[in-house]
1. Mind running the shape call on segment 2-96? Use the C-alpha gyration tensor, a ≥ b ≥ c as the square roots of the eigenvalues: rounded below 1.5 for a/c, prolate if a/b tops b/c, oblate otherwise.
2. Any idea how far apart Phe76 and Leu33 come out in nm if each label point goes 7 Å out from Cα toward Cβ?
3. Give the residues of segment 32-75 whose amide nitrogen is closer than 17 Å to a point set 7 Å from the Cα of Ile8 in the direction of its Cβ.
Amino acid sequence: METLGELIVSLLIVAGSGFTLVGSIGLVKLPGLMTRLHAPTKATTAGVGGVLLASMIHVIVRNGEVSAHELLIALFLFLTAPISAHFLAKAYLHLHGERERNFPPACNGRDWTVFDEPGEESPREDRPQPPPRV
């Protein structure tokens, strides 16, 4: 059983390291912020998740008990990485949305980055309006 556990741990570490490497290369090589944002949030999250899973399996095989440290780290990672990526993308669209208006039309008749409050039908006067589409 210990040999099978070591084999699984080794495979998870190699797979997690590969995902992390691909995410890191994507972060360096991809051209814009929106494309660069995708690499670390997807690939690196999967890579660190694989290494954490390998660590959990190693502790279970070695000591016969479940370690809560890896579970808490994984929970924190999987909650914070998508949220921070969403905030970075939203901020980028708010700051650079006028220059890059090549988005497909939104299905609700509004812009992709919505400035309206939920349930608000007409735009408020105190908020800046986006320039008209050409």
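Read-outs throughout are calculated quantities, based only on the coordinates presented, and are distinct from any laboratory measurement. The model shown is predicted, which means the values in this text are computed figures rather than measured ones. Backbone-built Cβ (ideal geometry, glycine too); neighbour counts: all protein chains shown.
1. Details: a/c = 6.29, a/b = 2.03, b/c = 3.09.
Note, shape of segment 2-96 comes out oblate.
2. My value for the distance between the label points is 2.6 nm.
3. Counting only backbone N, you get 49-68, 70-71.
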